[in-house]
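Accompanying notes for the structure given below.
The values are calculated or read from the model by the stated rules, or taken from the named source; none is laboratory data. Please read all numbers here as calculations on a predicted model, not as lab measurements. With ideal geometry, Cβ positions are generated from the backbone for all residues, glycine too; neighbour counts draw on all protein chains shown. SASA here: full protein model, heavy atoms, side chains in, ligands and nucleic acids out. Shrake-Rupley method; radii C 1.70, N 1.55, O 1.52, S 1.80 Å.
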Amino acid sequence: MKKWLLLTVISALVLVLAACGGKEEGSDAKSADEYTADKPLIIKFSHVTAIDSVKGKAADKFAELVKEKTEGKVKVEVYPSSQLYGDNDELDALVSGNVHMIAPSVTKMVKIDPRWQYVDMPFLFENDEHVQAFFNSDVAKDLMNSDQLSANDIKGLAFWPNGFKHFSNNKNPLVTVEDFKGLKFRAQAGQVLEAQFKTLGAGSATIAFGETYAALQQGTVDGAENPYNNFDTMKFYEVQKYLSTSAHGRLDYGIFVNKTFWDSIPADLLTQVEEALTEATTFAQELAADENAKSLENVKASGVVEVYEMSQEERDVLKEALQPVYEEFSETITPELIEGIEALK
């Protein structure tokens, strides 16, 4: 936490110096009249997924809506596919003010608050309706408005869904606990995911999303866990033989901004930008289910991946086997958050 607070101080100093030396990218802006289509306020939006992913399309939609609503006075520069920063760097970049907006998998926020690991808890969410109920709940709002985020000069604005995660690998169809034993999986950073794979008798390695294809291709890891859309758009079907429809966890994104920068945007422009974000969020939520369904069909049509359709009974057996993860992490993530999510079913 000390590291993050130090970065916050640095970020604040940078913004103050920028204000003294001139107006740059909206810092210390006084009026919307200072910005024109020829000299717009720039919002740098960095993310790690492909342009044609759910997040990529929603980010571009947001940029389009901002341009339209502000008549070009605000320009969102979208940097997809880790062009600016990868998984391991984008949060630092946000805190230091090098980018203004990111859309990381919410698990990444564990650096600041361990409760964000809720999304990795196996079989916590029942279906898409349950997930949407959570996004709209006071439970979710409390996370987005936490003191931990504010203390690090971060403001949470919205949730963008991606979808349920499913196991893939190169050795055999993954159905029973026995099928996982001895395999090694790519995982995002986080103790919950480490515990998940350990409980299944498998190993895990923390690998940046942009490096996952190469790790699978080279055999550094045997498998991974992804929503259908990521599996499709990142072409993981080229380097994986088996996909099981486990729907065991979630991969969802949070829209986070540098608070100092965001609060400096002129009020009338900020209203228009946030209206654009609300519409882009609705777009992302409607798009995710459709894109994941299409991606599953694409994967099946590729003819190179064997898709195993898991039954609810098979999923229930895996869920029971993974209960030790709840015993280990319920206090860290807090019973209030886990029970609050479960109550929304």
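Restricting attention to segment 151-303, lysine pairs at least eight places apart or on different chains and with alpha-carbon atoms under 26 angstrom apart total 28. First check a/c for segment 188-281, with a ≥ b ≥ c the square roots of the eigenvalues of its C-alpha gyration tensor; if it is under 1.5, answer rounded, and if not, answer prolate when a/b is larger than b/c or oblate otherwise. Cα axes put segment 188-281 in the prolate bin.
Remark on Lys184: its backbone amide H falls under 5 Å from those of Gly203, Asp222, Gly223, a criterion applied only to residues 5 or more positions apart or on other chains, H modelled at 1.01 Å from N. Of Thr176, Thr334, the order by accessible heavy-atom surface (1.4 Å probe, DNA, RNA and ligands excluded), from most exposed downward, is Thr176, Thr334. Projecting the alpha carbon convex hull of segment 225-345 along each direction and taking the average yields 11.0 nm².
How large is the convex hull of the Cα atoms of the chain per residue, expressed in Å³ as a whole number?
Convex hull volume per residue, Cα atoms: 127 Å³.
Our coupling estimate for segment 168-183, obtained by passing each phi through the Karplus curve with A = 6.51, B = -1.76, C = 1.60 and θ = phi - 60°, is 9, 6, 10, 9, 6, x, 9, 10, 9, 4, 4, 5, 8, 4, x, 8 Hz, Gly and Pro reported as x.
Once the gyration tensor of the Cα atoms in segment 132-215 is diagonalised, the equivalent ellipsoid follows with semi-axes of 32, 16, 13 Å, ordered largest first. The simple spin-label model puts a point 7 Å past each Cα toward its Cβ; for Ser81 and Ala321 those points are separated by 3.7 nm. Centre-to-centre separation between the Cα atoms of segment 136-185 and those of segment 272-314: 15 Å.
List the DSSP H helices in the chain whose Cα atoms stretch 18 Å or more along the helix axis and whose mean Kyte-Doolittle hydropathy is at least 1.0.
Membrane-span-like by this rule: 2-21.
Taking all protein chains into account, the per residue accessible area for the chain stands at 42 Å² (1.4 Å probe).
Note on Asp179: accessible area approximately 40 square angstrom, rounded to 10, probe 1.4 Å, nucleic acids and ligands left out.
Secondary-structure-derived ellipticity at 222 nm for the chain, considering helices only, amounts to -14000 deg cm²/dmol, per-run term -39500 (n - 2.57) for DSSP H runs with n ≥ 4. Take every Cα pair under 8 Å whose residues are at least 6 apart in sequence, average their separation, divide by the length of segment 114-218, and the relative contact order is 20 percent.
Residues whose amide H lies under 5 Å from that of Met310, counting only those 5 or more places away or on a different chain, are Thr245; hydrogens are built 1.01 Å from N in the peptide plane. For the chain, with all protein chains in place and a probe radius of 1.4 Å, 50% of the accessible heavy-atom surface sits on carbon or sulfur.
Rg/Rh, computed from the Cα trace of segment 173-223 with Rh as the Kirkwood radius, has the value 0.97.
Structural size metrics of segment 239-291, computed from C-alpha coordinates, are Rg and Dmax of 17.2, 52 Å.
Within 10 Å, count the other beta carbons around each residue, average over each peptide in 89-100, 297-308, 52-63, and list them highest first.
Working: 89-100: 20.9, 297-308: 14.5, 52-63: 22.9.
Top to bottom by mean Cβ count within 10 Å: 52-63, 89-100, 297-308.
For segment 88-177, the extents of the C-alpha atoms along the principal axes are 45, 30, 19 Å, listed from largest to smallest.
With q set to 0.11, 0.12, 0.16, 0.22 Å⁻¹, the log10 of I(q)/I(0) for segment 39-123, from the Debye formula over equal scatterers at the Cα positions, is -0.34, -0.40, -0.67, -1.06. Taking only the Cα atoms of segment 114-165, the radius of gyration and Dmax are 11.9, 33 Å.
Couplings 3J(HN,Hα) for segment 89-104, derived from phi with the Karplus relation 6.51 cos²θ - 1.76 cosθ + 1.60 (θ = phi - 60°), are 10, 5, 5, 4, 5, 5, 5, 7, x, 6, 10, 9, 8, 9, 9, x Hz, where x marks Gly and Pro.
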